[in-house]
Every structure is written in structure tokens, then in C-alpha cells.
Amino acid sequence: MSVDLSARADVVELMDDPDADADALGRTYQRFGAVNAIVSRPGRLYRQDIRPRAARRRLRILDIGAGGGDLCRYLAHRLRRDGLGADITALDADERAIRWASAHDDGAGIRYRHAFSGDLVAEGDTYDVVLSNHVLHHLEPAELRTVLDDSRTLAGSRGLVSHHDIARSRLAYTAFAAGTWPLARNLLAGSFIRVDGLLSIRRSYTPRELAAVAPSGWEVRSHLPARLELRWEGADGRP
Ligand SMILES: C[S@@+](CC[C@H](N)C(=O)[O-])C[C@H]1O[C@@H](n2cnc3c(N)ncnc32)[C@H](O)[C@@H]1O
């Protein structure tokens, strides 16, 4: 039977279960890097939004819902390779993610925080770039509003906020199902990646749906393949 993708599905991912198997969760965090390299294309984010800003000053970067921290490590690595620097914070509301990510920092020098974005707002933190990847679809409407408001506050008047996620579509679902099927018994074995990836697509927004729930001032951009970005740029935050 074909999966209904006509509206966002109210489903819970295996990794969000507080009683999820610890080994499988660890393997899931570990595999995020390989999966994100293909589906999230962090190189584009780096070239278009991070490197031009980092060339002007040492950046403060915040990744909300950093999971296993692979995006933070990737950005730290690319910046170092280009002779640039940044202070990068990986924040996650799930202590298990932060524990795993900080144990696998691999010399990247990331700052890890088990916290909500509101905690950083209360501490008066500010960042040049506030990011997330695959987090928007996890959030209930009130949480989404809070994370967006907090992101803007944390980016101040000059910063950039760039939230990335999957765009729900039949093509995304079919391509992910087909692309991960041969990997289910090897690379992805013992992880939640395949099951949660398919649930994530069912739970994610279309660009039109996201534009309808985003507060004013936010821009929705579509990227290939099946990606969306919810973006807010401060008045003089452009590189
Ligand atoms: C699918 S994972 C994505 C992890 C990582 N960003 C990546 O792309 O691989 C979503 C993460 O968001 C975290 N999360 C969900 N709601 C959050 C919130 N309100 N604040 C911070 N983190 C949150 C979850 O704990 C989880 O680690």
C-alpha cells in the first residue's frame, strides 16, 4: 500500500524514544555524517554562507539540534582547511546526543551544550550564524515558534539564521527508500537511519506548508534534492 504523503504525518521517530536502544542510537549518530553528506549537502552551506562570513571575522556559530555533531565537525574541518576559524557550539535538547557528540569530537574543538535555545537566550548569548539540520520537522507548533524566535534573538540584528530540512515529496520518499534499501544490511545495519529517515520525510513540511506557519520576515527557499531552508538574515548580515 502506498504511503500517504498528502499531509504531515503525526509519527514519532525511533531515536526520539527515551528508552531507545543505546547501541542503535549511537550507531545512528555515527551514521548521520555519511547520510548528511549525501542528502544535506553541507558543502553548499559552507561555500555560500559560512566561508564568506568567516573570511571577514572569526565567527560564532550555533547548531540547534546538533545530534551527533557531524555538521559542526564538518564546518570546523572545512574552516581549518581554509585557514579560517570559528567558535562552534553544538546544542541539543537530548542529553544522549550531546554525550555521544562530545565523546566523538575528534579534535574539532566544538563546545557542547545540553540545553534548549531559550537557555542560551537567557544567558545573553549571540551568534553570527544560527543553524539547524533536520530539526524543524521534529518540533510541535509551539516549539517551532519558540525555536524560530530564539534563533532570531540569538542572531541579533546582524546575524544569519538558516534552518535546513527535508521537503516532503513522493520523490524524496521513493529515492530515500530505494537508496537505503541495499544499505540496510550493511552500512545502516543496527541503526535507526532507514526507519527514521522514512518517518522524517512523512513528518516534514512542503515549502508551501512551511511558509504558511513561518512568522513574517522568514524566507523559505527550496534546494535540490528535496530540501528546504527557512532563512532569516539580519539587516546587515549579508556577506
Ligand atoms: C534528526 S536529529 C538531527 C541531528 C543533526 N542535526 C543531523 O542533521 O544529523 C534531530 C535532533 O534535534 C534535537 N531536538 C529536537 N527538538 C529540539 C529542541 N527544541 N531543541 C534542541 N534540540 C532539539 C533532537 O534531540 C535530535 O538530536
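So the values come out like this:
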{"read-out": "Trypsin sites (Lys or Arg not before Pro) within the range 107-161: DSSP coil, no more than 14 neighbouring Cβ in 10 Å", "value": "Arg158"}
{"read-out": "Tilt relative to the chain, helix 22-39 - C-alpha long axis, 0 to 90 degrees, to 10", "value": "70"}
{"read-out": "Chymotrypsin sites (Phe, Trp or Tyr not before Pro) restricted to DSSP loop in the range 153-214 with at most 12 other C-beta within 10 Å", "value": "none"}
{"read-out": "The chain, accessible area per residue, ligands and nucleic acids excluded (1.4 Å, Å²)", "value": "48"}
{"read-out": "The chain: calculated mean residue ellipticity at 222 nm from DSSP helix runs of at least 4, using -39500 (n - 2.57)", "value": "-12000 deg cm²/dmol"}
{"read-out": "Size of electric dipole in the range 175-239: Cβ of Lys, Arg +1 and of Asp, Glu -1, about Cα centre, debye, nearest 20", "value": "300"}
{"read-out": "Nearest-20 debye value, the range 27-77 charge dipole, Cβ charges on Lys, Arg, Asp, Glu", "value": "260"}
{"read-out": "Cα centroid separation, the range 43-109 to the range 127-201 (Å)", "value": "16"}
{"read-out": "Carbon and sulfur %, accessible surface of the chain computed with the full protein complex present, 1.4 Å", "value": "53"}
{"read-out": "Cα gyration tensor shape for the range 14-233, rounded if a/c is under 1.5, else prolate or oblate", "value": "rounded"}
{"read-out": "Principal-axis tilt of helix 170-180 within the chain, Cα atoms, nearest 10 degrees", "value": "80"}
{"read-out": "Relative contact order of the chain, pairs being alpha-carbon contacts under 8 Å that are 6 or more residues apart, as %", "value": "23"}
{"read-out": "Rounded, prolate or oblate (a/c below 1.5 giving rounded, otherwise prolate when a/b exceeds b/c) for the range 50-136 by Cα gyration tensor", "value": "oblate"}
{"read-out": "Cleavage-rule hits (trypsin sites (Lys or Arg not before Pro)) in the range 23-60: DSSP loop, at most 16 neighbouring Cβ within 10 angstrom", "value": "Arg56, Arg57, Arg58"}
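The values are calculated or read from the model by the stated rules, or taken from the named source; none is laboratory data. Note that the coordinates shown come from a computational prediction; the quantities given were computed from them, not determined experimentally. Note that each Cβ is placed from the backbone with ideal geometry, even for glycine, and that neighbours are counted across all protein chains shown. Please note that ligands, DNA and RNA were not included when accessible areas were found on the heavy atoms of the full protein model with its side chains. Shrake-Rupley method; radii C 1.70, N 1.55, O 1.52, S 1.80 Å.
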